[in-house]
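Everything below concerns the one structure shown next.
The values are calculated or read from the model by the stated rules, or taken from the named source; none is laboratory data. The shown structure was predicted, so the numbers you read here are calculated from the model rather than taken from an experiment. FYI the Cβ positions are ideal-geometry reconstructions off the backbone, even for glycines, and counts take in every protein chain you see.
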Amino acid sequence: MNDTNWKERYKDKIKTAPAAMKLIKSGNSVFIGTGCAQPQHLVDALVECSSAIRDVQIVHLLTMGTAPYADEKYREKFKMNSLFIADNVRDAFERGIGNYTPIFLSEIPAEFETGRIPIDVALISVSEPDANGLCSLGVSVDIVKAAATNARYVIAQVNKNMPRTYGNSFLHVNNIDVLVPYDEKMIEIPIPKPDEALRQIGQNVARLVEDGSTIECGIGNVPQALVEYLAYKKDLGIHTEMFSDWIIDLVESGAITGAKKTFDRNKITASFCMGSQKLYDYINDNPFFEFHPTEYVNDVNTISRHEKMVGINVGLEVDLTGQVCADSLGYRFYSGIGGQVDFIRGAARSRGGKAIIALPSTAKNGQVSRIVPHLTEGAGVVTTRGDVHYVVTEHGIAYLHGKTIRERVLSLINIAHPKFRNDLLQAAKAQKYIYQDQIELAWDQVDYPEELEHYNTLRDGTEIFFRPVKPIDESALSEMLYSLSEKSVKTRYMTGTMAFPHSDVQQLANIDYKKDIAIVGVVPGISNDEIVAIAQYFLDPETQSAEVAFVVQDEWQSRGMGTFLLDYISTVATKRGVKRFIAKVLPNNKAMLSVFYNSGYKVNTKFDGEVYNIDYELKK
């Protein structure tokens, strides 16, 4: 409860904003509170009372209010050291005003503590003090608490509209030098409405989130797009540097309970939030939410202690080797490192964790690819190729960790926008990243048939995921083929040769999904889909007849896999207008013959002395 008599109790600390600004001297370093907790009244007073000061260094992270100190006319008055570049100062940076410090968010508090980034005066915003003299930092604890703790002077704007939040979010008035009562509306940010591409990204990311996971996910389009696909998950936890309105829907749907968190159980843990007044009202005096300083929330060891920790972050561009740029557009600094690497590394170390970079496949209204042969000249690497694990676009999921350059290239091209894929392939060939004979398809005419994805339970109760083959499956197909017994190779390929070179295997993985179809049976893994079976048909457009063949890995035979594959690929073919299947089967391949004879189709068989020639119309 707030103390209704606090002004009387602390009247010796109360001053007007202009009077408080007298504490600021020329050459001082002044910290400004973060995000939507920016003390706007104090910032305005700082500028209005600046006639007697020069060379004041403004230190800020991400401020969402106005930044009048960034105006050209105050160039001699104020310098800027931005630890993250927000919209309100980006133009000033392009004009050469101010400076940027690239630094992991988790490491900023130590810079304040050691004095490497000195803070003379901290301008912050707080709630009204309670009966015990405690003021809440409200929506922004993050690095604000460290700045206030290490500043020579703390000037706090006391705003009755600041939500009172729980956790390690309080400052006692005894640790505040000046209290400036001034009530103003909280800064709100608009809630984005995701387009279809972003919704697909959200759906793809959600596929990686298991029930009971703990999630880090921030602000912007991707988190908002993710909400509808997480709403049906169970017992999700939140440990994140920040959140926005998206969290309300997930709490209300019951998806977020925190019941499975490894620690801070039954709590949502964050260091700041930005959103609408609805969000601020929701978190006000709500013990389900706990706000803690950045040095706790973003600590890699803290993050990694959570089992099934999922870190979801965004990038501006990703090169074909997996390097992620997230803070600059070429030489132009655009944002900052922030907490991306903290959570990428923390999630990667978590038992069952997943580190995810999510981004649309294109920028500038589809005119440029965000997956690029090399980063733009001048662009900085935020997440290194050694740190990257999952990259997600609207076109799919690429797992890169522990992969070769060739595997990375093919995986990333597979999730790039189709119209850029061949350009990327050609660029990769020029760099000798991939084989020179790598197949190039007419990607503008090749649509991956996601509708053919299907889970099926085999007769022994094992669930297998069946889906169309992808170009990135070449390595997994090669592994499966080389794992076949000599008998299986003989019955499928009618040869004893155990050679499956790249030139042959890539023909299986690169198909047009129209004339030809290949369905693989996979056992999903953390990093790889283990392919255990493949069924294919190759269409003759003139006769609308297709040659069908399939092979099942030895240890997966006699479980009903072949029966299902034939039935499924027959159904697919029928829907696509194929009239007849033909096949060749060796006489000693009794299992294959049995699959055909028991298929329910009227099968015609002719033996030519070496093989059975099978054909049948695709109608029962």
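The residues in segment 299-341 that are among the hydrophobic types (A, V, I, L, M, F, W, C), more than 13 Å from the chain's Cα centre (by Cα) and assigned to a helix (DSSP H, G or I) can be counted, and the count is 2.
Here Asp91, Asp87 are screened, and the one residue that is farther than 24 Å from Ser125 by Cα, surrounded by fewer than 16 Cβ atoms within 10 Å (Cβ to Cβ) and under 29 Å from the mean Cα position of the chain (by Cα) is Asp91. Where strands (runs of 3 or more DSSP E) fall entirely within segment 123-181, those with at least 2 residues that are modelled with pLDDT of 95 or more, under 22 Å from Tyr280 (Cα atoms) and among the hydrophobic types (A, V, I, L, M, F, W, C) are at 134-136, 153-158, 170-172. Would you confirm whether any residue within segment 128-148 is surrounded by fewer than 24 Cβ atoms within 10 Å (Cβ to Cβ), closer than 13 Å to Phe31 by Cα and either among the charged types (D, E, K, R) or touching a Phe, Trp or Tyr at 6+ places or on another chain (Cβ under 6 Å) (or both)? Yes, that holds for at least one residue.
What do you reckon, is Gly386 assigned to a loop (DSSP other than H, G, I, E, B) and either of a type in the set (D, E, K, R) or farther than 18 Å from Asp423 by Cβ (or both)?
Judged against the criteria, Gly386 is a match.
The one condition from (1) outside any helix (DSSP H, G or I); (2) closer than 27 Å to Glu486 by Cα; (3) modelled with pLDDT of 90 or more that Ser558 does not meet is (3). Determine whether segment 479-486 contains at least one residue that is outside any strand (DSSP E or B), more than 24 Å from Pro449 (Cα to Cα), of a type in the set (Gly, Ala, Ser) and in contact (Cβ under 8 Å) with a residue 12 or more places away in the chain. Within segment 479-486, one or more residues are outside any strand (DSSP E or B), more than 24 Å from Pro449 (Cα to Cα), of a type in the set (Gly, Ala, Ser) and in contact (Cβ under 8 Å) with a residue 12 or more places away in the chain. Within segment 254-289, the residues that satisfy the criterion of being touching a residue at least 60 places away in the same chain (Cβ under 8 Å) and of a type in the set (Asp, Glu) are Asp281, Asp285. Scanning segment 321-349 for residues that are surrounded by fewer than 22 Cβ atoms within 10 Å (Cβ to Cβ) and of a type in the set (S, T, N, Q) returns Thr321, Ser335.
Taking the criterion of being within 45 Å of the chain's Cα centre (by Cα), of a type outside the set (D, E, K, R) and at pLDDT below 90, would at least one residue in segment 603-618 satisfy it? Among the residues of segment 603-618, not one is within 45 Å of the chain's Cα centre (by Cα), of a type outside the set (D, E, K, R) and at pLDDT below 90, which makes the answer no.
So which residues in segment 257-293 are over 21 Å from Lys160 (Cα atoms) and under 22 Å from the mean Cα position of the chain (by Cα), if there are any at all? Hits for segment 257-293 are Thr257, Gly258, Lys260, Lys261, Thr262, Ile268, Thr269, Ala270. Answer yes if at least one residue in segment 526-543 is in contact with a Leu (Cβ under 9 Å, 6 or more places away or on another chain) and on the phi > 0 side of the Ramachandran plot, and no otherwise. No, the conditions are met nowhere in segment 526-543.
Annotation note: Cβ proximity below 9 Å between a residue of segment 545-569 that is over 13 Å from Ala535 (Cα atoms) and assigned by TED's automatic domain parsing to the domain that holds Val595 and a residue that is part of a helix (DSSP H, G or I) and among the hydrophobic types (A, V, I, L, M, F, W, C) (sequence gap 6+ or interchain) occurs for Gln557/Ala591; Ser558/Ala591. Scanning for something in a helix (DSSP H, G or I), at pLDDT 90 or above and out of contact with any Leu (no Cβ under 8 Å at 6 or more places or on another chain), does segment 452-459 turn up at least one residue? Taking every residue of segment 452-459 in turn, at least one turns out to be in a helix (DSSP H, G or I), at pLDDT 90 or above and out of contact with any Leu (no Cβ under 8 Å at 6 or more places or on another chain). Among the numbered conditions (1) of a type outside the set (S, T, N, Q); (2) more than 30 Å from Glu377 (Cα to Cα); (3) in the same structural domain as Ile397 (by TED's automatic domain parsing), the only one that Glu295 does not meet is (3). Taking segment 4-51 as the range and being among the charged types (D, E, K, R) and more than 24 Å from Ile187 (Cα to Cα) as the test, the residues that pass are Lys7, Glu8, Arg9, Lys11, Asp12, Lys13, Lys22, Lys25. Being in a helix (DSSP H, G or I), of a type in the set (S, T, N, Q), modelled with pLDDT of 95 or more and assigned by TED's automatic domain parsing to the domain that holds Gly115 is a condition met by no residue of segment 76-94. Restricting attention to segment 496-513, the residues being closer than 24 Å to Leu539 by Cβ and without any contact (Cβ under 8 Å) to a residue 12 or more places away in the chain number 1. Here is the figure for segment 95-122: residues that are assigned to a strand (DSSP E or B) and either modelled with pLDDT under 95 or under 22 Å from Tyr334 (Cα atoms) (or both) total 2. Per the listing Ile187, Ile201, Ile176, the residue uniquely within 15 Å of Tyr10 (Cα to Cα) and surrounded by 18 or more Cβ atoms within 10 Å (Cβ to Cβ) is Ile176.
Regarding segment 431-450, can at least one residue be identified that is within 23 Å of Gly330 (Cα to Cα), surrounded by fewer than 21 Cβ atoms within 10 Å (Cβ to Cβ) and in the same structural domain as Leu208 (by TED's automatic domain parsing)? Within segment 431-450, one or more residues are within 23 Å of Gly330 (Cα to Cα), surrounded by fewer than 21 Cβ atoms within 10 Å (Cβ to Cβ) and in the same structural domain as Leu208 (by TED's automatic domain parsing).
Taken over segment 561-598, the criterion of being among the basic types (Lys, Arg) and modelled with pLDDT of 90 or more is satisfied by Lys575, Arg576, Lys579, Arg580, Lys584.
Quick one: which residue in Asp529, Asp540 is buried (at least 17 other Cβ atoms within 10 Å of the Cβ), among the charged types (D, E, K, R) and out of contact with any Lys or Arg (no Cβ under 7 Å at 6 or more places or on another chain)?
Criteria check complete, one pass: Asp529.
When the criteria are applied in full, Asp529 meets the requirement of being more than 22 Å from Gln445 (Cβ to Cβ) and within 36 Å of the chain's Cα centre (by Cα).
Sort out which residues of segment 131-160 are of a type in the set (D, E, K, R) and under 20 Å from Glu290 (Cα atoms), and write them in order of number.
Taking segment 131-160 as the starting set, the residues that turn out to be of a type in the set (D, E, K, R) are 142, 145, 152, 160.
Across segment 131-160, the qualifying residues are Asp142, Lys145, Lys160.
Any chance segment 28-49 includes a residue that's at positive phi and touching a residue at least 60 places away in the same chain (Cβ under 8 Å)? Checking segment 28-49: at least one residue is at positive phi and touching a residue at least 60 places away in the same chain (Cβ under 8 Å). Of the residues making up segment 492-512, those that are at pLDDT 80 or above and either part of a helix (DSSP H, G or I) or at positive phi (or both) are His502, Ser503, Asp504, Val505, Gln506, Gln507, Leu508, Ala509.
Counting only residues that are buried (at least 18 other Cβ atoms within 10 Å of the Cβ) and touching a helix residue (DSSP H, G or I) at 6+ places or on another chain (Cβ under 8 Å), give me the helices (runs of 4 or more DSSP H) lying completely in segment 2-57 with at least 3 of them. Before the answer, list the steps.
Numbers: elements: 6-9, 17-20, 40-48.
The qualifying helices (runs of 4 or more DSSP H) are 40-48.
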